[in-house]
Ligand code: 4AD
Ligand code: MG
């Protein structure tokens with residue numbers, strides 16, 4: 001029967017069984033004793049399976065001896081315990097079918113050696129064949145499954161929010177416009193000749209920066225909800241932690257304050273870390289060996305200890321007293337930069353930290369104004385190695401205060417009429433947050449560039465495929 005490599009190596013199949021495995025050649029080594037050892041990977045788990053091919057096979061000289069990295073192979077044989085170190089079973093081949101050779105093995109981009117991540121970004125369509133991207137892909141999947149499981153177990157409902165929208169959910173003007181019009185080449189006096197239906201049927205629309213405002217509507221009826229979908233930011237940040245297209249998870253809870261929100265964020269992250277530790281030990285062992293030495297131990301540590309919680313004002317005082325020279329100024333009223341966030345989480349507390357109650361003028365219009373009148377009930381969760389991975393807040397549920405904040409930010413009330421409705425019809429305190437999915441993957445996998453945490457990164461100057 002046809003089985004995955006993961007199944008073949010799992011011990012669930014009896015020794016001596018006849019099985020077929022299918023995949024791509026990693027390496028081939030020939031022994032003097034008339035045997036070839038072909039490592040075959042199908043991506044189902046980290047390990048490849050070793051296929052032992054005897055020279056008695058009829059296509060041994062003509063085909064097996066030509067196998068190189070990347071060839072597509074279907075191997076049938078007997079599963080036996082392996083003598084080799086570090087592997088449970090191997091396949092003693094009775095037949096090998098080659099579905100596709102590699103055209104020119106010398107120039108095949110994915111050679112069996114370590115490649116630079118910069119190079120692999122240029123061949124994003126082939127990089128899933130490497131050990132690292134196989135591991136990252138499986139860990140990403142494990143995290144996504146755990147996200148849905150976490151919320152499902154707690155009675156949250158998954159809400160699909162729109163990708164094409166007219167609302168700027170963050171009010172920061174960082175939206176990509178949806179249009180197929182060639183604006184640069186419009187005829188001067190095009191008048192009625194321009195087909196504006198190509199600009200979303202004549203209406204100016206954008207790609208969403210966050211599903212939050214939409215999901216608040218569902219929160220204020222179903223109590224516990226979340227989004228998990230793609231979001232887009234037209235900020236021109238060419239950094240190792242920004243993408244123009246990324247995935248975000250945004251839970252929203254009714255009858256909740258900032259403290260409930262921070263508790264949820266902490267419980268959520270710990271649940272995700274535990275899932276990776278429990279389910280992807282094989283990939284995490286590779287990450288620990290090749291990417292980040294303490295990848296496993298730090299996750300183990302973080303699921304045990306409570307996250308630190310610091311007031312923004314206190315964070316400013318700590319940074320000022322640190323004696324550290326930062327590139328950006330540290331002063332009450334200024335936003336924290338990555339270098340500040342990393343100092344706080346890496347050097348000051350040495351584990352994830354939740355910073356709360358930021359100055360109101362540096363945070364979004366929907367955040368709830370605190371009684372001091374100068375801070376809002378906002379929180380950012382900072383993680384070592386990356387800085388902010390979660391941003392959230394208690395929402396402003398009082399219509400008059402919300403209106404005043406919208407005026408202050410220069411936002412058109414009419415445009416946000418539907419959002420104001422929630423405050424007019426049965427308003428309740430509520431809160432939520434957004435976890436950047438790729439930042440989570442970067443963190444768990446110890447990556448140094450967010451472009452390696454998503455299959456096809458979109459960033460300034462990067463839109464191939
Ligand atoms: O802090 P942000 O902008 O918050 C919101 O969008 C809120 N609407 C969330 C909410 O309360 N429901 O973004 C949330 C998270 C950040 O902490 C970061 O992890 C990630 O989204 N993020 C990005 N990830 C990759 N590339 C970018 N350009 C990102 N911008 C934000
Ligand atoms: Mg933020």
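The values are calculated or read from the model by the stated rules, or taken from the named source; none is laboratory data. Given the structure is predicted, the values throughout are model-derived calculations rather than measurements. Here the Cβ is made from the backbone with ideal geometry for all residues, glycine too, and neighbour counts use every protein chain on show.
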task: Pick out the one residue from 206, 286 that is surrounded by 15 or more Cβ atoms within 10 Å (Cβ to Cβ), in contact with a helix residue (DSSP H, G or I) (Cβ under 6 Å, 6 or more places away or on another chain), in contact (Cβ under 8 Å) with a residue 40 or more places away in the chain and not in a loop (DSSP other than H, G, I, E, B).
output: 286
query: Which condition number does residue 348 fail, the rest of (1) touching a strand residue (DSSP E or B) at 6+ places or on another chain (Cβ under 7 Å); (2) surrounded by 15 or more Cβ atoms within 10 Å (Cβ to Cβ) being met?
result: (1)
- request: Among what's in region 245-271 and is within 21 Å of residue 214 (Cβ to Cβ) and part of a loop (DSSP other than H, G, I, E, B), pick the residue that is nearest to ligand 2 (Cβ to nearest atom).
  value: 256
message: If I filter region 249-256 for residues that are farther than 29 Å from residue 232 by Cβ, modelled with pLDDT of 95 or more and in contact with a helix residue (DSSP H, G or I) (Cβ under 8 Å, 6 or more places away or on another chain), do I get at least one hit?
response: no
query: Can residue 331 be described as free of Cβ contacts under 8 Å to residues at least 40 places away in the same chain, surrounded by 15 or more Cβ atoms within 10 Å (Cβ to Cβ) and over 28 Å from the mean Cα position of the chain (by Cα)?
result: no
- prompt: In region 98-121, which residues are under 26 Å from the mean Cα position of the chain (by Cα), surrounded by fewer than 12 Cβ atoms within 10 Å (Cβ to Cβ) and farther than 17 Å from residue 287 by Cα?
  reply: 118, 119
query: Can you spot a residue in region 5-15 that is surrounded by fewer than 19 Cβ atoms within 10 Å (Cβ to Cβ) and in contact with a strand residue (DSSP E or B) (Cβ under 7 Å, 6 or more places away or on another chain)?
result: yes
query: Hey, among 358, 443, 419, which residue is in a helix (DSSP H, G or I), in contact (Cβ under 8 Å) with a residue 40 or more places away in the chain and farther than 30 Å from residue 140 by Cα?
result: 419
- prompt: What are the residue pairs meeting all of these: first residue in region 422-440, first residue under 30 Å from residue 240 (Cα atoms) and touching a residue at least 60 places away in the same chain (Cβ under 8 Å), second residue away from ligand 2 (no atom under 16 Å from the Cβ) and part of a loop (DSSP other than H, G, I, E, B), Cβ atoms under 8 Å, and 6 or more apart or on different chains?
  reply: 431/256; 431/257; 438/453; 438/454; 439/453
statement: Of those in region 374-414 that are in contact (Cβ under 8 Å) with a residue 40 or more places away in the chain, more than 9 Å from ligand 1 (Cβ to nearest atom) and in a loop (DSSP other than H, G, I, E, B), the residue surrounded by the fewest Cβ atoms within 10 Å (Cβ to Cβ) is 409
task: Run residue 362 past the list (1) surrounded by fewer than 16 Cβ atoms within 10 Å (Cβ to Cβ); (2) away from ligand 1 (no atom under 16 Å from the Cβ) and report the number of the one that doesn't hold.
output: (2)
